[in-house]
Amino acid sequence: MNVVFAVKQYPHLFSLNILGCCQGRNWDPAQLSRTTQGLTALLLSLKKCPMIRYQLSSETAKRLAECVKQVITKEYELFEFRRTEVPPLLLILDRCDDAITPLLNQWTYQAMVHELLGINNNRIDLSRVPGISKDLREVVLSAENDEFYANNMYLNFAEIGSNIKNLMEDFQKKKPKEQQKLESIADMKAFVENYPQFKKMSGTVSKHVTVVGELSRLVGERNLLEVSEVEQELACQNDHSSALQNVKRLLQNPKVTEFDATRLVMLYALHYERHSSNSLPGLMMDLRNKGVSEKHRKLVSAVVEYGGKRVRGSDLFSPKDAVAITKQFLKGLKGIENVYTQHQPFLHETLDHLIKGKLKESLYPYLGPSTLRDRPQDIIVFVIGGATYEEALTVYNLNRTTPGVRIVLGGTTVHNTKSFLEEVLASGVHSRSKESSQLMARSASRR
């Protein structure tokens, strides 16, 4: 079975490396089987026999919950682990419920590398970097074997820059002095003993300097600071006229690529889908005038079809209760520390409610008659259609700040924007709905 787990690298994140798991709103049967095997294998490796909750608005979440339950029931002897006071919980979610998170540019190191360069089984392809040396065409970023990466993967880009500078200064101090004479056997022995560590440090420095240098180049070349600020406004604020004005302004900017231009229009389309002054047709015309290919333009309606209001079981854009509204107001008063990281994935709210025992059973029912009487302590979250590194950061922070709770996040894959759009296209939701609407139109015209 070809299942790749990242559990070892990041104790709170795993991926089954499956891209394109659904056909329309239903599972691809082969991928359902692979996902069931992968998820039950993970439960066995963690020694967990969980109770299961799933997202009611998703047929695929319910189907996977049933398949996992069947395996646990059939192989009950394998799942007879030492009982804990509070049973573990498996929560199964659907990517369709939050199509915003995988569309945003990222500013923490790991997420940013994946968004702009792509991480594939810990490997980064740098072959397209201008003037790259032969030995740096492909590099490995693994928290297990790279102390700098382990310590910096969740820090924001500004902090990475200063930490790289410190790393280089430290390296310079340890560099063997060129004038150092190896006159005695003791000198040579000391040099040979220190050399492997020096060589390893040299490799780490050149790798991270190259990666951070390339990220900086792409940020400048693609005007990503400005693009990201507007993305965050689209994801977090509710001022339609300001958002529309800013998107229009950026669509006129020649530095903004067709990929980033399309992404901005997608975010607008998802947020203001049913707004009384929705100006999507005008923005689509702006994309066309900018020279954006039809292939990219078609993705806008495909994303709305995949994760629009009609599909979502949740309300992504407006706070639900007085507490949330107060929090948002206070955040606004304090001034946001970083305009590029205002957004929190919807998963944060879901897990926060789950940990506090407030996650509604009407939206996330249990599979079977049993329910948890106590707040969960061991939580495994699985996202059908792929998780993201921004969500992994959310889980990492919740684990750090919530004593007594341990959360593991997994998904059919770990997305950046490019792979998420491939997932949307692979699902074929858009073309299927187009065909059905054409059929309905034909049958109506026959009447």
Residue by residue through the range 226-258, note down the ones that are exposed (fewer than 15 other Cβ atoms within 10 Å of the Cβ) and modelled with pLDDT of 95 or more. SER241, SER242, GLN245, ARG249, GLN252, ASN253, PRO254, LYS255
I'd like the full set of residues that are touching a Leu at 6+ places or on another chain (Cβ under 8 Å), surrounded by fewer than 24 Cβ atoms within 10 Å (Cβ to Cβ) and hydrophobic (A, V, I, L, M, F, W, C), limited to the range 69-98. ILE72, LEU78, PHE79, VAL86, LEU89
Residue count for the range 16-52, restricted to those that are open to solvent by 10 Å² or more (accessible area, probe 1.4 Å) and part of a strand (DSSP E or B): 5
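Results for (1) more than 21 Å from THR412 (Cα to Cα); (2) in contact (Cβ under 8 Å) with a residue 24 or more places away in the chain, shown as yes or no for each residue.
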site: ARG123; (1), (2): no, no
site: ASP135; (1), (2): yes, no
site: GLU138; (1), (2): yes, no
site: TYR149; (1), (2): yes, yes
site: ASN163; (1), (2): yes, no
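Residue by residue, here is whether (1) aliphatic (A, V, I, L, M); (2) outside the structural domain of ASP125 (by the TED database); (3) in a helix (DSSP H, G or I); (4) in contact with a Lys or Arg (Cβ under 7 Å, 6 or more places away or on another chain) holds:
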{"position": "LEU215", "(1), (2), (3), (4)": "yes, no, yes, no"}
{"position": "VAL227", "(1), (2), (3), (4)": "yes, yes, yes, no"}
{"position": "VAL230", "(1), (2), (3), (4)": "yes, yes, yes, no"}
{"position": "ASN238", "(1), (2), (3), (4)": "no, yes, no, no"}
{"position": "SER242", "(1), (2), (3), (4)": "no, yes, yes, no"}
{"position": "VAL247", "(1), (2), (3), (4)": "yes, yes, yes, no"}
{"position": "ASP260", "(1), (2), (3), (4)": "no, yes, yes, yes"}
{"position": "ARG263", "(1), (2), (3), (4)": "no, yes, yes, no"}
Restricting the range 385-404 to residues that are part of a helix (DSSP H, G or I) and aliphatic (A, V, I, L, M), the residue that is most open to solvent (accessible area, probe 1.4 Å): LEU393
Could you check the range 83-103 and list, in sequence order, the residues that are more than 13 Å from GLY313 (Cβ to Cβ) and among the charged types (D, E, K, R)? ARG83, GLU85
For VAL209, the lone unmet condition from (1) open to solvent by 50 Å² or more (accessible area, probe 1.4 Å); (2) over 23 Å from the mean Cα position of the chain (by Cα); (3) farther than 24 Å from PRO130 by Cα is (3)
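The values are calculated or read from the model by the stated rules, or taken from the named source; none is laboratory data. Since we're looking at a predicted model, the values are computed, not measured. A quick note on method: Cβ atoms are made from the backbone with ideal geometry, for glycine too, and the neighbour counts reach across all protein chains shown. Please note that ligands, DNA and RNA were not included when accessible areas were found on the heavy atoms of the full protein model with its side chains. Shrake-Rupley method; radii C 1.70, N 1.55, O 1.52, S 1.80 Å.
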